[in-house]
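Right, one structure below, let's go through it.
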Amino acid sequence: MNCEFMIASTPLPPCMPLPKAMLRLQVSNTAKVMYARLLDEILTRGTEDSNGILFIRFPVMEIAAALSRSPQTCKRSLNELEQAGMIMRVRQGIGEVSHIYILLPREGAAHE
C-alpha cells in the first residue's frame, strides 16, 4: 500500500463515520465496523419512510461481502447491534429484505 505522512493541509481519503460512543459499547469489533458501514450506507442510499425517518435495505449477503465476513458472523453482529439498541430491524414479508433503521447514540448516553 502506498502511504504518506499527514500534514495540516492533507485531505482525508473517503471515510466512514463512527460515533465515539461506539468505542465503549460492549459489542464485537465486527459489529462496530458494521455500524460504521450501515451509517455510510444510510447516508448514501437511505430511503425515507412515511414518517420521514431514513432506513436501508441491506441484505445479509451484501453486508457479508462489504465487510469480508461470513453471513453467520454478520447475522450475529446485526443481533448484537439490535440488542444494544443501535439498530432496529423491521421485518417485511416472506422473502423480503428487512428495513434497517440506524439509531444514533446521544451525548452522555446510558450505554456508555
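Only the coordinates and a few stated rules stand behind these numbers; no lab work does. The structure presented is a predicted model; accordingly, all values stated were derived computationally and were not measured. A quick note on method: Cβ atoms are made from the backbone with ideal geometry, for glycine too, and the neighbour counts reach across all protein chains shown.
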For region 3-11, 3J(HN,Hα) per residue [Karplus equation, 6.51 cos²θ - 1.76 cosθ + 1.60, θ = phi - 60°, Hz, x = Gly/Pro]: 10, 9, 6, 8, 10, 4, 9, 5, x
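In debye to the nearest 20, how big a dipole does the chain give about its Cα centre with +1 on each Lys and Arg Cβ and -1 on each Asp and Glu Cβ?
That gives a dipole near 280 debye.
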Counting pairs of alpha carbon atoms under 8 Å apart in space and at least six apart in sequence, what relative contact order in percent does region 21-102 give? 31
Let's see if you can work this out: charge +1 on each Lys and Arg Cβ, -1 on each Asp and Glu Cβ, no other charges. What is the dipole magnitude of region 21-71 about its Cα centre, in debye to the nearest 20? 260
Each label sits 7 Å from Cα toward the beta-carbon; between N79 and A8 the label points are separated, in nm, by 5.1
If R₀ is 22 angstrom, what is the calculated FRET efficiency for the pair R45 and V90, using the beta carbon separation as r and rounding to 0.05? 0.85
Tell me the angle of helix 71-83 to the major Cα principal axis of the chain, expressed in degrees between 0 and 90 and rounded to the nearest ten. 80
